[in-house]
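Worksheet for the structure shown next.
The values are calculated or read from the model by the stated rules, or taken from the named source; none is laboratory data. Just so you know, these numbers come straight off a predicted model, no measurement behind them. Here the Cβ is made from the backbone with ideal geometry for all residues, glycine too, and neighbour counts use every protein chain on show. Just so you know, the surface numbers come from the protein's heavy atoms only, side chains and all, with ligands and any DNA or RNA stripped out. Shrake-Rupley method; radii C 1.70, N 1.55, O 1.52, S 1.80 Å.
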Amino acid sequence: MSYAGDLAPREAFELLRDDGEAVLVDVRTEAEWTWVGVPDTAGIGKGPVFASWAPVDPAAPGARFLAELERAGVTAGRRGPVLFLCRSGKRSVAAAEAATAAGIAPSYNVLHGFEGDLDEDGHRGGAGWRAEGLPWRQS
């Protein structure tokens, strides 16, 4: 089952702002949250959910992730869209697919993630949430 689609970072932020049921799930690792920064959605009255997408068990790659979502109240049958964000927009696709398969829908991927792909010099930051000038902070 495929996820609902991809949203540009600004589209994702606007959906979060305008839809009271929308939730942002940051699927990066704790090290990324700590050292790179996190989306700061407090100004629109909702904080992101932090649930790392790190498949550990090949037989059930998203089991731990789905359990983290459930603990945060992001479950099947909830109302409103769920937007998944990672570093570059790749892990968040897998997370959105796993969530959709678990009945968490609509699930979206945030294109380019928090800091985008590597550029020709091996650096990130040319695309994504931060590059769009959307609110963020060091955690």
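Tabulated data
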item	result
Unique residue being closer than 24 Å to Glu14 by Cβ, open to solvent by 50 Å² or more (accessible area, probe 1.4 Å) and small (Gly, Ala, Ser) when the list is Gly77, Gly126, Gly116	Gly126
When residues of segment 21-63 are limited to those that are out of contact with any Ser or Thr (no Cβ under 8 Å at 6 or more places or on another chain), modelled with pLDDT under 90 and aliphatic (A, V, I, L, M), the one least open to solvent (accessible area, probe 1.4 Å)	Ala60
Among the candidates Arg124, Arg91, residue that is among the charged types (D, E, K, R) and either touching a helix residue (DSSP H, G or I) at 6+ places or on another chain (Cβ under 6 Å) or over 15 Å from Gly37 (Cβ atoms) (or both)	Arg91
Residues satisfying the stated conditions in segment 1-20, i.e. assigned to a helix (DSSP H, G or I) and open to solvent by 10 Å² or more (accessible area, probe 1.4 Å)	Arg10, Glu11, Phe13, Glu14, Leu15, Arg17, Asp18
